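A quick write-up on the structure given underneath.
The values are calculated or read from the model by the stated rules, or taken from the named source; none is laboratory data. The structure presented is a predicted model; accordingly, all values stated were derived computationally and were not measured. In this analysis, Cβ positions are derived from the backbone assuming ideal geometry, glycine residues included, and neighbour counts consider all displayed protein chains. Heads up: the accessible areas ignore ligands, DNA and RNA and are worked out on the full protein's heavy atoms, side chains in. Shrake-Rupley method; radii C 1.70, N 1.55, O 1.52, S 1.80 Å.
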Amino acid sequence: MEEIESKMTKELKFELLKTLPSPPKKNKAEELLDSESLLSVIEEEEKEIPKSEWFSRVLQKHPSVLETRERVTPLTNQISFGKLISRSKTEVQQHISNQVLLNLIMQHLETLNLGDTIKTIEKESGISYKEHYSKKSRLLTILRVGIKDIDSVWDLNLKYQGPQIDNDQEDPEVEIFDNSGLGEFDDEDDEENRIPDIDIWDEPPDSVNNICYIEENNKKVIKAATLNKLIENLTNEKKSDTDFMKIFLMTCQSFTTPRKLLRKLLQRYNVPKGNLSFEQYQEKKQKIQIKVCNVLISWIKDYFSDFNESLINEINNFIENAEKINIHTMSIKKLKITLAKAISGQSTRFLNISYETAPLPIVPKNIFSPSLDFDLVDEEEIARQMTIIDFEIYCKIKPAELLNLAWSKPKLKHRSKNVIGLIHRFNEVSNWVASSIIRVDRIKKRAKQMIRFVKIAEYLRNLNNYNSLMSVLAGLTISAVHRLKFTKEEIPKRYTDIIESLSDLMSTNDSYKAPRDALKTSNPPCIPYLGIFLTDLTFIEEGNQDFTDGLINFYKRSLIAKVIKDVQIFQQKRYNFMPVMQISKFLSNFDNFDSDVLYEKSLLLEPRNCSRSDIN
């Protein structure tokens, strides 16, 4: 930043010189830029212009300087910020007051229906809040604009800090984004501009303009449609399509936001009478309203993480109003119970847990010693503890983390903390394998260390932990290790055959044909190599448009849902192993070399063009 600031200062000085009534020539200008007399020269030339206006005049005359300055210092972007706060003002202060900030916060809370929180802030701060005409949060608008500005200069990648011992602890940085609304599908304004938003009951009858179908397995299925038509089909009073509902709820965050979906469902619940007779109207209304309640129940049960406090309050208000007029008491009661269970943290998604006695851990006698030598820990137990850590991350991957290639996009990475966590884990384990081998100075001991990791890889294969198996193999074949020719010559053929066999099993050839075949014959518990699914999702995302002729491409979402279901199949059954804190702690906090250091140390161990006699 110091270099940028110094460059910026010089650029501004040069622009100031250009605004003088008689600008100096280039050579003279360069001398002035390096001198301390610049201000005095400008004063002589610009006696009629007050100093206070110099800076603003430069910015007005040269928009490129203004843009550069605002990008370099986005947090003091007072001009753009002023336009957002008050469009009538031409100048704003460098910093906003506490009163303005609190009003922005309270206006944001108003959009979330958090009236009690607003009252608490008013009471503690002594600042009264007046209801704002806008139904959209000005605070979020400002933050989104600021993030877009910052993103063009710096990558706002939310760094994942790696798996912790307490896997239930949420990442606070991610949680802030999740609860703020910044993490929704896109700026809601952008989404609404892309898909015309009309009341669901004002949607025209089926036509090529709002829905289209394809034949699949002798069945007519929706290929693409408007959001209204998709929700009509979701809550159709004449038929039930469980598969459609599963695909819709699993992938809905790729084409709408939870807030908009809830709003549409509540629109659908309020059935208009139209030209129907009273009996026809009552029958239709009852069936549709029960269907809407059933969709809400399934949504809350399976994807409660989609709901923030504001949406929960909206559903509670809906339930209260329905109870007052005493309609569909069974459906509303079931919805109320489902929501209460979800809020209280009672899991509605159960993992299959083995009731057999877990095998005793294989630990050295000095397991509680502070000077525990990790090289004495049995390879099988290392594989077990690695598997426990991996599964804790894998089983928490939610469908929304696998949508829109979120794990690979800086602005969406906050959605995919568990996917990114498993990727981070993969890279850390690979680096640990390589670092552990490179750390050993003597060739025979180094070969033994390689054999140790071959054994760990074999145990991982037996445990169906394909993700860590691939990671260990990657560590054994990383360039810094792969080039250690003389070290590998010390490894007995039995272990080189195991490496070759495992490498064939995890081969990437023919679109991961071998590991896919292995998965088909592997019974849970199992941890697949996540890269297979991420590759499939990337292929689907890049090969199919999100929208076709202005309609949501639902066929694409069905393809994505198939991959997500494959991920979920192996999330259902846990491993029946006992965690060993001392081993888990080590396996969660590696002391690794970076790639450059690894290669440098590898060259020291076996220099280029050396002979076996040169190696210790």
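List of remarks:
- For the residues ASP306, ASP302, the requirement of being within 34 Å of the chain's Cα centre (by Cα), within 22 Å of GLU110 (Cα to Cα) and among the acidic types (Asp, Glu) singles out ASP306.
- Residue within region 284-303 that is among the aromatic types (Phe, Trp, Tyr), part of a helix (DSSP H, G or I) and under 30 Å from SER416 (Cα atoms) present: yes
- Among the residues making up region 552-580, those that are surrounded by 14 or more Cβ atoms within 10 Å (Cβ to Cβ), in contact with a Pro (Cβ under 9 Å, 6 or more places away or on another chain), β-branched (Val, Ile, Thr) and under 17 Å from TYR529 (Cβ atoms) are ILE564, VAL567.
- Boolean, ARG494 is of a type in the set (Lys, Arg) and surrounded by 17 or more Cβ atoms within 10 Å (Cβ to Cβ): no
- Test result for LYS513, loosely packed, with under 13 Cβ neighbours inside 10 Å, under 29 Å from the mean Cα position of the chain (by Cα) and under 30 Å from GLU356 (Cα atoms): no
- Test set (1) free of Cβ contacts under 8 Å to residues at least 60 places away in the same chain; (2) in a helix (DSSP H, G or I); (3) touching a helix residue (DSSP H, G or I) at 6+ places or on another chain (Cβ under 6 Å) - LYS444 fails condition number: (3)
- Boolean, ASP549 is of a type in the set (Asp, Glu), at pLDDT below 95, out of contact with any Phe, Trp or Tyr (no Cβ under 9 Å at 6 or more places or on another chain) and open to solvent by 40 Å² or more (accessible area, probe 1.4 Å): yes
- Selection count where residues are crowded, with 21+ Cβ neighbours inside 10 Å and of a type in the set (Val, Ile, Thr), scope region 457-477: 1
- Residue that is open to solvent by less than 40 Å² (accessible area, probe 1.4 Å) and at pLDDT below 65, where the choices are SER137, SER86: SER86
- Test set (1) open to solvent by less than 10 Å² (accessible area, probe 1.4 Å); (2) touching a residue at least 40 places away in the same chain (Cβ under 8 Å); (3) in a helix (DSSP H, G or I) - HIS424 fails condition number: (1)
- Qualifying positions in region 392-414 - farther than 16 Å from THR538 by Cβ, assigned to a helix (DSSP H, G or I) and open to solvent by 20 Å² or more (accessible area, probe 1.4 Å): GLU392, ALA400
- Picking from residues in region 92-128 that are outside any helix (DSSP H, G or I) and modelled with pLDDT of 80 or more, the one that is most open to solvent (accessible area, probe 1.4 Å) is SER128.
- Residue check for SER436: open to solvent by 30 Å² or more (accessible area, probe 1.4 Å), over 17 Å from CYS526 (Cα atoms) and out of contact with any Gly (no Cβ under 6 Å at 6 or more places or on another chain): no
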